[in-house]
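Enquirer: The structure follows.
The values are calculated or read from the model by the stated rules, or taken from the named source; none is laboratory data. What you are looking at is a predicted structure, and each value in this text was computed from that prediction instead of being measured. Cβ coordinates were reconstructed from backbone atoms using ideal geometry, including for glycine residues, and neighbour counts include every protein chain displayed. Ligands, DNA and RNA are stripped out before the accessible areas are found, and what is left, the full protein with its side chains, is counted by its heavy atoms. Shrake-Rupley method; radii C 1.70, N 1.55, O 1.52, S 1.80 Å.
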Amino acid sequence: MMVKFQGKERIMSRQKPLASKSIMYRLTGVAPPGPIPERPVWQHWEALHRLFPTWRFLGSILWTWSRPHSGFDALRQMRMNRSVVRGMVLLDQLDTQMLDDLIALARTNAERQGYLARTILIAYVSIPFSVGALVAQVAPLATQQVLLSYASAWGGGLAGAGVAVVARLILDAQARQFVAFLEMARIERGEPA
């Protein structure tokens, strides 16, 4: 079967994949991500979002921490970031209303990321440790035996929970940095908040 794909012909296999994406979405109950809406605000959001991948955010954190002269001025360090400079060039081409719409989207995103981070902290840290402390008070010997018997499972569970919490906190910090970037662009324009 020949299929034209962006000017190139490709041969498609007649075999079906083992797990179709639509089946995976139906099994998990999650809707598949839709296309980007045609509104310009979403197109600008996607263009700006591509400039700030999470791996680059982590690198900038490590770079800032390794520089002792950075002090308390995190905005200066952020303003010198290559992605921020590129983003400022993109934002210079937009009118004030579009910038306000992007800031509103960024604040909504940051609020949602903060909510998810707090939820993960409560679900993976507060509740399990509270229940564990209560059980340890009620039956200390049984708790000690269970902990010693399943030490590797407990260690794996704690490591997984720790990774999930740290990942969610990183995404929360990145969303807040994106809001700061857009607010900084508004301030540089000399426009009121």
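Enquirer: Return only the number of the condition from (1) under 30 Å from Trp42 (Cα atoms); (2) in a helix (DSSP H, G or I); (3) free of Cβ contacts under 8 Å to residues at least 60 places away in the same chain that Ala175 does not satisfy.
Expert: The one condition Ala175 does not meet is (3).
Enquirer: Tally the residues that are within 30 Å of Arg50 (Cβ to Cβ) and not in a helix (DSSP H, G or I), restricting the search to segment 127-172.
Expert: Looking only at that region, the number is 0.
Enquirer: Quick check on this structure: which one of Leu94, Leu134 is open to solvent by 60 Å² or more (accessible area, probe 1.4 Å) and modelled with pLDDT under 90?
Expert: Details: Leu94 fails: open to solvent by 60 Å² or more (accessible area, probe 1.4 Å).
Result: Leu134 is the single residue among Leu94, Leu134 that is open to solvent by 60 Å² or more (accessible area, probe 1.4 Å) and modelled with pLDDT under 90.
Enquirer: Please specify each residue of segment 60-83 satisfying the condition of being modelled with pLDDT under 75, exposed (fewer than 12 other Cβ atoms within 10 Å of the Cβ) and either among the basic types (Lys, Arg) or part of a helix (DSSP H, G or I) (or both).
Expert: Of everything in segment 60-83, those that are modelled with pLDDT under 75, exposed (fewer than 12 other Cβ atoms within 10 Å of the Cβ) and either among the basic types (Lys, Arg) or part of a helix (DSSP H, G or I) (or both) turn out to be Leu62, Trp65, Arg67, Pro68, His69.
Enquirer: Here's something else I'd like to know. Answer yes if at least one residue in segment 122-130 is loosely packed, with under 12 Cβ neighbours inside 10 Å, over 30 Å from Gln174 (Cα atoms) and out of contact with any Lys or Arg (no Cβ under 8 Å at 6 or more places or on another chain), and no otherwise.
Expert: No, segment 122-130 has no match at all.
Enquirer: Quick check on segment 39-48: of everything there that is touching a residue at least 40 places away in the same chain (Cβ under 8 Å) and open to solvent by 40 Å² or more (accessible area, probe 1.4 Å), which residue is farthest from Asn81 (Cα to Cα)? It would help to see each step written out before you state the result.
Expert: Going through segment 39-48, the residues touching a residue at least 40 places away in the same chain (Cβ under 8 Å) turn out to be 40-41, 44-45, 47-48.
Narrowing the set further to residues that are open to solvent by 40 Å² or more (accessible area, probe 1.4 Å) leaves 40, 44.
Working: Pro40: 26, His44: 20 Å.
Taking the candidates together, the pick is Pro40.
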